[in-house]
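The values are calculated or read from the model by the stated rules, or taken from the named source; none is laboratory data. Note that the coordinates shown come from a computational prediction; the quantities given were computed from them, not determined experimentally. Cβ placement follows ideal geometry from the backbone for every residue including glycine, while neighbour counts extend to all protein chains displayed. To get the accessible areas, we keep the full protein, side chains included, count just its heavy atoms, and leave off ligands, DNA and RNA. Shrake-Rupley method; radii C 1.70, N 1.55, O 1.52, S 1.80 Å.
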Amino acid sequence: ARPRHNVGFMVADLLATRSRTTFTPQRDLRADLATATLHNRQVLLLKPATYMNESGRVLPPLRKRLGPTWSPHSHLLVIVDDVDLAFGRLRARAAGSSGGHNGLRSVEDALGGSRAYPRVRVGVGKGPDVVEWVLGDFTRGERAELDGSVLWSAAEMVEEWVRGGDVAAMNQVAAAPAR
């Protein structure tokens, strides 16, 4: 099953595959963690093992593990589904509101209300019942497009961020034709 709500995990899985690493459960974080190398930089890929609406619960133990120099503005990039974007559209933001996304709201709560962290939104479109829609699987046609270009482009946006690219550069990647 590949529900729309898990599109961020799908991007993380692709990045792990590209980096030839795997996820392992981390009980203290309540998440699965992979250490990847992207552009000669070591990065942590994290998939919360909580409900989406509680995703932010992984941040306090992560901050504790990584130490006082960890900054959500420069060391955190959240990848989420977005029902307000057409399927396959990608958008990066340096900061902003949760836009009604409960997972982002949980991240903001864990950061003391701060909205100053970057995110990549992956459009999943919107069905008549939003909850059923995001918990439902992608259609066969959507899966083909997802696997053919959408996930690849989202992963390229993450890699641009790791290279030190700004949000404008990330959005240029999103606008480029898929390879």
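General remarks:
- The trypsin sites (Lys or Arg not before Pro) of the stretch 24-66 meeting both criteria, a DSSP state outside H, G, I, E and B (loop) and at most 10 other C-beta atoms within 10 angstrom of the site's C-beta, are Arg27.
- log10 of Debye I(q)/I(0), alpha-carbon scatterers only, for the stretch 82-121 at 0.28, 0.35 Å⁻¹: -0.99, -1.26
- Protein heavy-atom surface of the chain, 1.4 angstrom probe: 50% of the accessible area is carbon and sulfur, with nucleic acids and ligands not counted.
- Approximate spin-label separation Ala86-Leu66, in nm, with each point projected 7 Å along Cα-to-Cβ: 3.4
- Fraction of antiparallel bridges per DSSP, the chain only, in percent to nearest 5: 75
- The calculated FRET efficiency for Thr139 paired with Ser74, based on their beta-carbon distance and R0 = 41 Å, is about 0.65.
- In terms of overall dimensions, the C-alpha atoms belonging to the chain reach 44, 35, 30 Å along their principal axes, ordered largest to smallest.
- Alpha-carbon Rg/Rh ratio, for the stretch 89-145, with Rh computed the Kirkwood way: 1.04
- Residue-normalised accessible area of the stretch 25-66, expressed per residue, 1.4 Å probe, Å²: 64
- Note that the stretch 62-168 shows a convex hull volume over its alpha carbon atoms of 116 Å³ per residue.
- Convex hull of Cα atoms in the stretch 28-99, direction-averaged projection (nm²): 6.0
- Dipole magnitude of the chain, debye to nearest 20 (Cβ charges: Lys/Arg +1, Asp/Glu -1, about Cα centre): 460
- GNM top mover of Arg140, Arg91, Arg105 - the chain, alpha-carbon springs below 10 Å: Arg140
- In this calculation the C-beta distance from Arg20 to Arg115 is compared with R0 = 41 Å, giving a FRET efficiency of 0.75.
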